[in-house]
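What follows draws every value from the coordinates through simple rules; no lab data is involved. What you are looking at is a predicted structure, and each value in this text was computed from that prediction instead of being measured. A quick note on method: Cβ atoms are made from the backbone with ideal geometry, for glycine too, and the neighbour counts reach across all protein chains shown.
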Amino acid sequence: MQIETAWVKPPPQVGGLDHLAVQAPCISIYGRLLPGITNVTDRARYYSFYPWLIWALDKAGHREFNDAFIERFRRADCLFCLIAQRHAAVCGGDADDHAAAMVGSDTLASVARSLGADGTIHLSDFSLRLGAKKRYFASDLGGLGQYYLGVLRELSIIDGDASAGVRYTRQVGAVIAERMDASVNRPLFMKAVDADLVTASELDALHGFCPCQLCNSPSEQEILGELFFVRDRFHDSEALPRRRSLQLILQLADLLCAHGQQLSETAFRACTYASSLPGGEPWTISPALSGTHEKWAIYARNELLSVAVQGLFYVLLDAYEASSLRFDASADIADWFMQQSETLEALEVLGPQKTFSECVADSKVWLPDLTRWNEPMHEVQLTERITSLSRARKSAQNREEIVLAALRALIALASRADSTDRQYADLVFEADYFRYYPINLESFARNASGSWASTTIHDVLRWLLINWGLEMHLRVALRKLRGQSQSTFRIRPSDRGMEVIAIPPAVHTRPRFNQAVRVLKDIGALERTASGWQPSILGRAQLELADAP
């Protein structure tokens, strides 16, 4: 019998995301509430620039999708970024208005800044896929291929893909392209692309392409406003949540500005969760936006659960790694951690032999009203404390604070909840969804009113560390290993016992809020004032669409 021996290459170790599968419901919710905007589609003008570029290349006779087309496309993508960076350098003010999140900025920002009054730039020095001095972007089609193509296809602005070729759609893409073309210098732009050379004076002459100039291109601004607010030719009932979410952000911006407060992702999460402003004033939601607000509040509640559970996983791995001990089973690690001084002292504050339901009852003493979300003992601030401490210098004291904050956050969530309610309201998830994502608001409500209720807080913590911590992570990592052939283990079994690979901090999901705000600024729906960002005349006009079909 012939026997062959060969080395088996181990799967690549990668960082991975959502190590406890606890963020997935949050991601699912915000994805439905802001369709057409993603965490990487940061600038509104790319929604017009990319169809315009393909349209302009088509007008110049570059219709065949080949290496020559791709190289011209990449030069143009570089040039677009250079224009924005140059405009930021010469105009002053807030550079983000011009160049924030421009594709290739990491490479090209310094190039634009160092360009003197008589300087020149060879675009191919940065655009060539092979042989560039410093390649601006890896993807063949630059930011389009990496970030915007899926969304622009979904919106019927562009067809095709990065392998077979891309083209603008005549019904939508061509219209947007023509609107943009009316306010930019296409001949000079294409001249620079064809010549593979642009001078400082030409970059200045091309400033009309800068994203900040979108508001000076009225017909382009109008059609992008229709797109993002789902009006006229872009009306689509499935996209209406985007309009409602943008309106909700505009309304909150107006209220925060009136109270001298800044619009931020943290404030948005807290205000939607508590239906109140930072000072505790009520946020009155119009009937047309109440359903959208409710879904964002559910997202925020799920986010609080997610951060609390992540915090407990963090402290367990942190303490275990610091100990240099090795155990073979999850239960052994959890039992060891339950005996540590930081754990015992955190539990002592709550009463280790009190049941979970007794701890919930006790929360009436220390838990602020839901609307007072700026107070330190509110679950919003407790979870913010968890994320902050999990990024701070590691120590037993920090671990103790995280354990106590996480348990108090879970107690607060249980105290606020009605276990008889549908925790996700009318949000529908596909069959068996929660079998893959067992840590969710439904399972939390069942446990809080069921098995945990008569269990001591000590034993609830132990259960969480094992079942919603180590065992959950091993299950998630094994599933990713099987499905993606990548190792995302943060702790894994070895011949020396369980060993820590890395300790992931507790983090919030990124609910596309910053991208949505940037879009609102780009299209002129938000304007800067001495008090902060508030709806412009255009933005207030969009708010009036609340009751329109």
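General observations
- Between amide H atoms placed 1.01 Å from N, distances below 5 Å from I158 occur with R153, T169, all of them 5 or more places distant or on a separate chain.
- Taking the inverse of the mean reciprocal distance over all distinct Cα pairs, the Kirkwood hydrodynamic radius of region 40-225 comes to 16.2 Å.
- FRET E, pair A60, E154, Förster distance 30 Å, beta-carbon r, rounded to 0.05: 0.65
- With the cut-off at under 19 Å, measuring from each backbone N in region 486-527 to a point 7 Å along the Cα-to-Cβ line of D328 picks out 492-500.
- Cα→Cβ-extended label distance, 7 Å offset, between S201 and E226, nm: 4.0
- Pairs of Lys in the chain closer than 25 Å at Cα, counting only those 8 or more apart or on different chains: 6
- The eigenvalues of the Cα gyration tensor, multiplied by 5 and square-rooted, give region 377-433 an equivalent ellipsoid with semi-axes of 30, 14, 9 Å from largest to smallest.
- Averaging the sequence gap over all C-alpha pairs within less than 8 Å and six or more residues apart, then dividing by the number of residues, gives region 40-225 a relative contact order of 33 percent.
- The chain - mean residue ellipticity at 222 nm from DSSP helices (-39,500 (n - 2.57) per run, n ≥ 4, rounded to 500): -16000 deg cm²/dmol
- Degrees, to the nearest 10: 218-228 long Cα axis against longest axis of the chain: 30
- For the chain, the longest principal axis of the alpha carbon atoms and the long axis of helix 287-323 meet at an angle near 60°.
- Full extension of the chain segment joining A530 with S419 gains 35.4 nm, where the gain is 0.36 nm per residue of separation less the Cα-Cα distance.
- Spin-label model, E321 to R446: label points 7 Å out along the Cα-to-beta-carbon direction sit 3.3 nm apart.
- 3J(HN,Hα) along region 409-418, derived from phi through the Karplus expression 6.51 cos²θ - 1.76 cosθ + 1.60 where θ = phi - 60°, amounts to 4, 5, 4, 4, 4, 5, 5, 7, 7, 10 Hz, with x in place of Gly and Pro.
- Per-residue ³J(HN,Hα) for region 126-139, Karplus 6.51 cos²θ - 1.76 cosθ + 1.60, θ = phi - 60°, Hz, x for Gly and Pro: 10, 8, 4, 6, 10, x, 5, 4, 8, 5, 6, 6, 7, 4
- Length added when fully stretched, S219-L17, from 0.36 nm per residue minus Cα-Cα: 68.6 nm
- Rounded to the nearest whole Hz, the Karplus-based 3J(HN,Hα) values (6.51 cos²θ - 1.76 cosθ + 1.60, θ = phi - 60°) of region 68-81 follow the sequence 5, 5, 4, 5, 4, 4, 5, 4, 5, 4, 4, 4, 4, 5, with x at glycine and proline.
- Put simply, the amide H of F327, placed in the peptide plane, has neighbours under 5 Å in M498, leaving out anything fewer than 5 places away on its chain.
- Separation of alpha-carbon centers, region 235-251 and region 354-395, rounded to whole Å: 32
- The structure shown yields volume of the Cα convex hull per residue in Å³, and of the options (1) 166; (2) 198; (3) 150 that calculated value carries the label (2).
- Rounded to 10°, Cα long-axis angle of helix 186-195 versus longest principal axis of the chain: 90
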